[in-house]
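Reviewing the structure listed below.
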Amino acid sequence: MIKFDLKNRTAIITGGAQGFGLDIAKKFLEFGANVIIWDIDKKELEKASKEINNDKLSFNIVDVSSFNGVEKTANLITKSTKIDILINNAGITGSTNELWNYDVKEWNKIVEINLMGTFNCCKAIIPNMIENNYGRIVNIASVSGKDGNANASAYSSAKAGVLGLTKSLGKELAEKNIAVNAVTPAGAKTRILDQMSKEHVQKMLSKVPRGRFLELNELTSLVCWLSSEENSFSTAAVFDISGGRSTY
């Protein structure tokens, strides 16, 4: 992987205790950033911290679906440091079912975490980026937000919302030195697949012309560039990384 200079940058990565978030955290640290991972799972946070064992890594227990909790934590951080990079990665897929059979509470929870969680983090952190005239925001969406997955209407709708949010927010911040972009990965071998039925996972894989799942480092490479100072022009954009499934 090409090395990017993230020295003296502070990054917050939501859902950073495992999967995409943890891999991104490791690479950011390698490139010199100070990394704060947010996650709701205390055990996974402690496990990740022990595994990485880097004094530039810290963590907070944060439920991104709670704006008050997000704002409180963000305010504590910005008392002593500026936030340069925000990776909105926290998300759940939920169970698979037809829309008319979907549990209403679960449907709402999926939207609250995936879409409202992204909104909450952006709303709480962007004022600090504006004050410092610098920021890089990467929203981890999904190819399902572009194509829609049958039996996953809540997840697909939430991720489609993240894409709309990215495009709007990128335009709102276009005159500032703050870039906002989204990536739309295909399925990868992370714990999120455990939330889906085997049939649903196989159907997802069958749609990928590459014929395999996405590797963590492949997504991380793209996110690193989007999070770096080298990405000085692209904003409000959607970067596809679906192995050919989605070509628009």
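Placing +1 on the Cβ of each Lys and Arg and -1 on the Cβ of each Asp and Glu in the chain, which of Val208, Val64, Thr220 has its Cα farthest towards the positive end of the resulting dipole?
The residue sitting farthest along the positive end of the dipole is Val208.
On average, how much area does the Cα convex hull of the chain cover when viewed from any direction, in nm²?
12.6
Among Glu112, Glu175, Glu44, which one shows the highest mean-square fluctuation when the chain is modelled as a Gaussian network with alpha-carbon springs under 10 Å?
Its mean-square fluctuation being the largest, the pick is Glu175.
What is the fewest-to-most order of Met129, Met116, Met1 by other Cβ atoms lying within 10 Å of their Cβ?
Listed from fewest to most nearby Cβ atoms, that is Met1, Met116, Met129.
In a Gaussian network model over the chain where Cα atoms closer than 10 Å are linked, find which of Asn181, Asn54, Asn114 has the largest mean-square fluctuation.
Between Asn181, Asn54, Asn114, it is Asn54 that shows the largest mean-square fluctuation.
For the stretch 1-115, give the magnitude of the charge dipole about the Cα centre (Cβ charges: +1 Lys/Arg, -1 Asp/Glu; no others), in debye to the nearest 20.
With Lys and Arg at +1 and Asp and Glu at -1, about 520 debye.
Over the Cα atoms of the stretch 86-150, compute the convex hull volume and normalise it per residue, giving Å³.
Per-residue hull volume (Cα only) is 82 Å³.
Which residue, Ile113, Asn97, Ile77, has the largest displacement toward the positive end of the dipole of the stretch 74-206 when charges sit on each Cβ (Lys, Arg +1; Asp, Glu -1)?
Toward the positive end, the furthest listed residue is Ile77.
Treating the beta-carbon of each Lys and Arg as +1 and of each Asp and Glu as -1, no other charges, what is the dipole magnitude of the chain about its Cα centre, to the nearest 20 debye?
Its charge dipole is roughly 200 debye.
Laboratory data are not the source of any read-out in this text; all were calculated from the coordinates shown. Everything numeric here is computed off the predicted structure, so don't read it as measured data. Note: ideal-geometry Cβ built from the backbone for every residue, glycine included; neighbour counts use all protein chains shown.
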